[in-house]
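Structure first, commentary second.
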Amino acid sequence: MLILAIESSCDETSVSVVSMSDDTRKILSLETASQIATHALYGGVVPEIASRAHTEAISPLTYRALSAAGVSMKEIDAVAVTANPGLIGALLVGVNFAKGLAYAYGKPLIPVNHVKGHAAAAYFEHPELKAPFFALIASGGHTSLTLVRTPTEFVPIGRTRDDAVGEAFDKVGRVLGLSYPGGAEMDRLASKGDPNAIKFAPAAISGTLDFSFSGLKSAVINYVNTQNMKGIPTVREDIAASFTKCVVSSIVTNLEKAHDRYRFDILAMAGGVAANSHLRRKVSEFCESRGVKLAVPSLALCGDNGAMIGAQGYFEYLAGNIAPLSLNAHATAGKAAF
C-alpha cells in the first residue's frame, strides 16, 4: 500500500511516500523543510510564522516527495495527515492540504495522532516491532509512557504534568545562552561537564509513573540566577551535565517502575529527545539489564517527519479510521489521542 503522508504539527513541514504491508515497511521518499533558522531569531517557535511557512512549503514538498518516490498521485492508495495534537494554525495547513488532495484524486483520508506517529517511526528499522509493546515518547511537546496494546490502541500510564522534556531542555538551554533549539546544544555541552557537580531534585513523581519537568527547569533557572546575584561564576558544562543526568535518571526510574508492573519485553523509544545521546545510552543500559528489546529510530526519524505519519496511517487505515472531508484539526489530543 502506497501512502502519501503529511506532517505539519509544529515547525517542520514534512511529506513522505511510504510503502506499507504486512511484510513491507519502507520509506520511498521523505522531504522536510525546517524552520529552525527562522524561529531561532525569536528564541522559540512563533505559531503565526510557522503556519505561513507551512503554507509556502507544503505544495512544492509534495511534488518533490512524489517525484523522489517515482510515483504519481494516481498510484497513491491513501493520504495520511497529522490531525492532532499540535499548533492549531500549523495543523490546519496540513489537514486542509491533505483534504484537497484526497478529494481531487478520490483517495481515502487518514487522520493520524502525532504522538502515535512518533512511536510508529520505529517500525521502519525494527521489523521485529509488533504490538503489544511499550513506548517512551519524549519530544519538545510530549512526554509519555504508553502501553501499545494494538497498533492503534495506546494506553498512557505515565505522562508529564506540565512541561514536556524537550521544552525543559530548550528553556534551560536558553538560560545558559545556547542557541535555539537548545536540545542538541545541551547534549553536546553535557558531554563536557560533571554530572555530579549540582544535585537537582528528580522529575519523576513519587508513587506514580508521571513526571514534572517544570519544577526541575525552575530549579536550574533559580540556581543560575542565585549564582549570578552572588557573583559566583557558573560552569555551563556542569549545569548542562547535572540537569541532563537528572532528566535521564528520572525517565529511567519510571521505566523501571513500569517494567516491574507490566513486564514488557520490547520498548520503543521515539520523539526528538530520543536523539539525546545520554538518554539513548542509559535507556539502552536499562533494557540490557532487564532483558528488554529496544527499538529506537535512527536520528533522522526521531524528529517530526512525514514517514512516521505514513507508518501510523497504514495501521489506522487497517482499523477503518477513515475521515470524512469535514475532518478538522485539534490542538490538543483530547479523547481522540488514544
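Of all positions in segment 289-301, at least one carries a residue that is part of a helix (DSSP H, G or I), surrounded by fewer than 20 Cβ atoms within 10 Å (Cβ to Cβ) and over 20 Å from the mean Cα position of the chain (by Cα).
When Ser59, Ser72, Ser51 are checked against the criterion of being farther than 11 Å from Thr13 by Cα and either more than 21 Å from the chain's Cα centre (by Cα) or surrounded by 15 or more Cβ atoms within 10 Å (Cβ to Cβ) (or both), Ser72 stands alone in meeting it.
Is it the case that segment 141-155 has a residue that's of a type in the set (Lys, Arg) and buried (at least 20 other Cβ atoms within 10 Å of the Cβ)? Scanning segment 141-155, I find no residue that is of a type in the set (Lys, Arg) and buried (at least 20 other Cβ atoms within 10 Å of the Cβ), so the answer is no. Screening Gly183, Gly177, Gly207 for residues that are under 18 Å from Leu41 (Cα atoms) and part of a loop (DSSP other than H, G, I, E, B) leaves exactly one candidate, Gly177. Considering every residue within segment 26-34, establish whether at least one is under 24 Å from Leu325 (Cα atoms) and either loosely packed, with under 15 Cβ neighbours inside 10 Å or touching a helix residue (DSSP H, G or I) at 6+ places or on another chain (Cβ under 6 Å) (or both). Scanning segment 26-34, I find no residue that is under 24 Å from Leu325 (Cα atoms) and either loosely packed, with under 15 Cβ neighbours inside 10 Å or touching a helix residue (DSSP H, G or I) at 6+ places or on another chain (Cβ under 6 Å) (or both), so the answer is no.
Going by the structure shown, is Gly193 outside the structural domain of Tyr314 (by TED's automatic domain parsing), at positive phi and not in a helix (DSSP H, G or I)? So Gly193 fails the test. Against the test of being without any contact (Cβ under 8 Å) to a residue 60 or more places away in the chain, farther than 18 Å from Asp162 by Cβ and basic (Lys, Arg), the options Lys217, Lys192 yield a single qualifying residue, Lys192. Among residues that are assigned by TED's automatic domain parsing to the domain that holds Asp162 and farther than 26 Å from Met186 by Cβ, Tyr262 is included.
Residues that are in a loop (DSSP other than H, G, I, E, B) and over 19 Å from the mean Cα position of the chain (by Cα) within segment 31-48 comprise Leu41, Tyr42, Gly43, listed in sequence order.
Residue by residue, here is whether (1) of a type outside the set (Gly, Ala, Ser); (2) assigned to a loop (DSSP other than H, G, I, E, B) holds:
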{"position": "Glu56", "(1), (2)": "yes, no"}
{"position": "Ser59", "(1), (2)": "no, no"}
{"position": "Tyr63", "(1), (2)": "yes, no"}
{"position": "Val81", "(1), (2)": "yes, no"}
{"position": "Gly86", "(1), (2)": "no, yes"}
{"position": "Val95", "(1), (2)": "yes, no"}
{"position": "Ala102", "(1), (2)": "no, no"}
{"position": "Val115", "(1), (2)": "yes, no"}
{"position": "His118", "(1), (2)": "yes, no"}
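Residue check: is His142 modelled with pLDDT under 95 and closer than 21 Å to Pro297 by Cβ? Taking the combined requirement at face value, the residue satisfies it. Report yes if some residue within segment 248-267 is at pLDDT 95 or above, over 14 Å from Leu145 (Cβ atoms), hydroxyl-bearing (Ser, Thr, Tyr) and part of a helix (DSSP H, G or I); otherwise report no. The answer is yes, given that some residue of segment 248-267 is at pLDDT 95 or above, over 14 Å from Leu145 (Cβ atoms), hydroxyl-bearing (Ser, Thr, Tyr) and part of a helix (DSSP H, G or I).
Every residue, every condition in (1) crowded, with 22+ Cβ neighbours inside 10 Å; (2) free of Cβ contacts under 8 Å to residues at least 60 places away in the same chain; (3) of a type in the set (Lys, Arg), yes or no:
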{"residue": "Phe243", "(1), (2), (3)": "yes, no, no"}
{"residue": "Val252", "(1), (2), (3)": "no, yes, no"}
{"residue": "Val273", "(1), (2), (3)": "yes, no, no"}
{"residue": "Arg281", "(1), (2), (3)": "no, yes, yes"}
{"residue": "Phe315", "(1), (2), (3)": "no, no, no"}
{"residue": "Leu327", "(1), (2), (3)": "no, no, no"}
{"residue": "Ala331", "(1), (2), (3)": "no, no, no"}
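Would you be able to say whether some residue in segment 67-79 is assigned to a helix (DSSP H, G or I), more than 21 Å from Ala329 (Cα to Cα) and in contact with a Ser or Thr (Cβ under 6 Å, 6 or more places away or on another chain)? Yes, segment 67-79 contains a residue that is assigned to a helix (DSSP H, G or I), more than 21 Å from Ala329 (Cα to Cα) and in contact with a Ser or Thr (Cβ under 6 Å, 6 or more places away or on another chain).
The values are calculated or read from the model by the stated rules, or taken from the named source; none is laboratory data. Values in this document were obtained by computation on a predicted structure and should not be read as measured data. So basically every Cβ, Gly included, is an ideal-geometry build from the backbone, and we count neighbours across all protein chains shown.
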